[in-house]
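Shown next, in structure tokens, is the structure this report addresses.
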Amino acid sequence: MKNYIKLFTASTILILSSCSNDFLDTAPVTEKVAENFYKTPKDALEGLVSVYDVLQQEGGWAGFQMISEEASDDCFGGFGTADGIAVLDWDRFKNNSDPEMNNVVWQSCYKGIYRANMLLENLDKVNWGTDTALKTKYEAEARFLRAHFHFELARVFGDIVPLDHTISTSEFNAPRQAPEVTYALIANDLKFAAANLGTDNYSQVGNPNYGRITKWAAEAYIAKAFLFYTSYYGKADLAGLITKADAVTSINDVVNNSGHALIADYSRLWLAASLGNYAGEGNTEMVWAIRYNGSGKGDWNLHEGNRLSVLIAPRGGNIGRYAYGWGGLPVTPSLYGAFDAADTRRGATIIDFDGEGLDFDPAPNKRDQRQFTGYAWKKYCPVTNEAGVADVTANGGNFQIDNVEDYAVIRFADVLLMAAELNLGTNAGFAKTCLDRVRDRAFKNTTHRVEATLPNIMKERQLELALEGQRYFDLIRQGTAVTKAAIDNVSSDTQFNVTYRPETLGFFALPQSQIVLSNGAISQNAGW
């Protein structure tokens, strides 16, 4: 981490077009740096945007979404037969091919934390005039994002180095902290965000603030962090700061008062499943999503588009209405089989090549698909236009980096299922109602309802939130036995064999470079 911190403490925030010949001036005059940048609310907004900008950099190769799905029981590694084997290592809980395989998550999250801390430390330098409420709003958004980046790191790596400030050189070799230290920072940040953000619902169509943090996103995230921490670590509360009653109050508030709702047709949530009837980015189900767009137009220095899309799209060329990609993370037959045939989510979530009459030949001299299962992602898959050309290409973008579909971090369906789980045992009727709403939408009737029990809710989470980066962490918070039973796979075709290793405790290997740079302050995770 020392190397990472050095990179960003010296970074330039914004280069200006002007220059100066006064070499005796001790203040930087050709660039804005932290010492002279934060003066106006506009400067603060630019700083806040720079924190949000890191979210777009998390997706794509070796990003949080990719590796969390690789590790789950819903996907194999895939890609082409000649591609590297790191994707198989994620799937098989190995670390043989690349000791830096998890460095993207480490660096992107710490970049986001650094930028959030830089902004938070400089808010008092801004001349806010009489608009102190704007200062509080920016602080709340930055603290939410800081909590988000810490939470991703903590779920991936376990014990991490929590940072509530930009560190000095004397702190470069800081050791990792116990989980309660990190989660206390997360809890405090989320509580502040929930208490200081307005009640607006930015998912409404045409709202210019769509994608920004709201009170509702913060309250939903409180529940998400509470459930993971208390379940995984066997605790009664979230780091002594958020009780179960607090978490229930937060999630119930989102259910009852946020204005978010389920859209009637599940398939309309996803571009490739919607058949031209896409609900769009501004639909009321999205409590918080990472926004993407195609404005990069092939510029690899920008991170505007959804880079996960090309990784999971069908390999070897366009097929039907699906635009092509690299064939990564093929869907497991067990996920397809977990859906009832009457469940509308199955066809909206998964491409069934045979079932949809798509002639996909995985042979090396054809599409060259490794670990072909007959199933692929429909969620986040790019699409073709009526002429059979990839939409992104037709619009002047690069098919690898300019896909536009937003990544759902928290949908209202997730909120309902968290509410069902948290209200078990105390408000059984409300828990049942929340679960029923999700299943009624999925089957388009009321005849497929089930009892509100923890196993049923966890099963529903797998089906409703499949391929959305949730499943693996839902497994490990249920314990080793549940995780291993779900992930282990024995096949007559050995390329599909997967053995979960409990000695890892569910966490991923730290990047070897960070261990070396820490000069012994941090050590590798158990099992790696």
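The values are calculated or read from the model by the stated rules, or taken from the named source; none is laboratory data. Being a predicted model, the structure only gives us computed values, none of them experimental. Cβ coordinates were reconstructed from backbone atoms using ideal geometry, including for glycine residues, and neighbour counts include every protein chain displayed.
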Pick out the one residue from 459, 484 that is modelled with pLDDT of 95 or more, charged (D, E, K, R) and closer than 29 Å to residue 178 by Cα.
484
Consider only pairs whose beta carbons are under 7 Å apart and that are at least six residues apart or on different chains; among these, list those whose first residue lies in segment 46-62 and is at negative phi and crowded, with 17+ Cβ neighbours inside 10 Å and whose second residue is among the hydroxyl-bearing types (Ser, Thr, Tyr) and not in a helix (DSSP H, G or I).
47/38; 56/292; 59/407
Only one of 482, 438, 415 that is on the phi < 0 side of the Ramachandran plot, in a helix (DSSP H, G or I) and in contact with a strand residue (DSSP E or B) (Cβ under 8 Å, 6 or more places away or on another chain):
415
Flagged in segment 368-397 as surrounded by fewer than 24 Cβ atoms within 10 Å (Cβ to Cβ), of a type in the set (Val, Ile, Thr) and either in contact with a Cys (Cβ under 8 Å, 6 or more places away or on another chain) or not in a strand (DSSP E or B) (or both), in numbering order, are 373, 389, 393
Scan segment 301-313 and give yes if some residue there is surrounded by fewer than 16 Cβ atoms within 10 Å (Cβ to Cβ), among the charged types (D, E, K, R) and touching a helix residue (DSSP H, G or I) at 6+ places or on another chain (Cβ under 7 Å), otherwise no.
no
Selection from segment 283-325 of residues in contact with a His (Cβ under 9 Å, 6 or more places away or on another chain) and modelled with pLDDT under 90 yields 296
Select from segment 65-107 the residues that are of a type in the set (Gly, Ala, Ser), out of contact with any helix residue (DSSP H, G or I) (no Cβ under 9 Å at 6 or more places or on another chain) and in contact (Cβ under 8 Å) with a residue 24 or more places away in the chain and write down the one among them that is surrounded by the most Cβ atoms within 10 Å (Cβ to Cβ).
86
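Each row is one residue, and each column tells you yes or no for (1) more than 24 Å from residue 487 (Cα to Cα); (2) at pLDDT 95 or above; (3) crowded, with 17+ Cβ neighbours inside 10 Å; (4) not aliphatic (A, V, I, L, M).
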position	(1), (2), (3), (4)
343	no, yes, yes, yes
346	no, yes, yes, yes
366	yes, yes, no, yes
411	yes, yes, yes, yes
416	yes, yes, yes, no
Selection from segment 480-496 of residues crowded, with 17+ Cβ neighbours inside 10 Å and under 17 Å from residue 87 (Cβ atoms) yields 487, 489, 496
Count of segment 274-286 residues which are surrounded by fewer than 22 Cβ atoms within 10 Å (Cβ to Cβ) and hydrophobic (A, V, I, L, M, F, W, C):
2
Might you check whether a residue that is in contact with a His (Cβ under 8 Å, 6 or more places away or on another chain) and either of a type outside the set (Asp, Glu) or modelled with pLDDT of 95 or more (or both) occurs anywhere in segment 65-77?
no
Within segment 453-464, is there a residue that is under 23 Å from the mean Cα position of the chain (by Cα) and under 27 Å from residue 100 (Cβ atoms)?
no
Segment 108-121 residues that are of a type in the set (D, E, K, R), paired with ones that are assigned to a helix (DSSP H, G or I) (beta carbon under 6 Å, 6 or more apart)
111/54; 115/50; 115/51
Among the numbered criteria (1) in contact with a Ser or Thr (Cβ under 8 Å, 6 or more places away or on another chain); (2) under 27 Å from residue 479 (Cα atoms); (3) of a type outside the set (Gly, Ala, Ser), which one does residue 215 miss?
(2)
Inspect segment 24-37 for any residue being more than 30 Å from residue 525 (Cβ to Cβ), modelled with pLDDT under 95, buried (at least 20 other Cβ atoms within 10 Å of the Cβ) and not charged (D, E, K, R) and give the result as yes or no.
yes
Taking the condition assigned to a strand (DSSP E or B) and aromatic (Phe, Trp, Tyr), does residue 288 pass?
yes
Using the structure shown, decide if residue 289 is aliphatic (A, V, I, L, M) and buried (at least 21 other Cβ atoms within 10 Å of the Cβ).
yes
Taking segment 372-412 on its own, how many of its residues are of a type in the set (Ser, Thr, Tyr) and at positive phi?
1
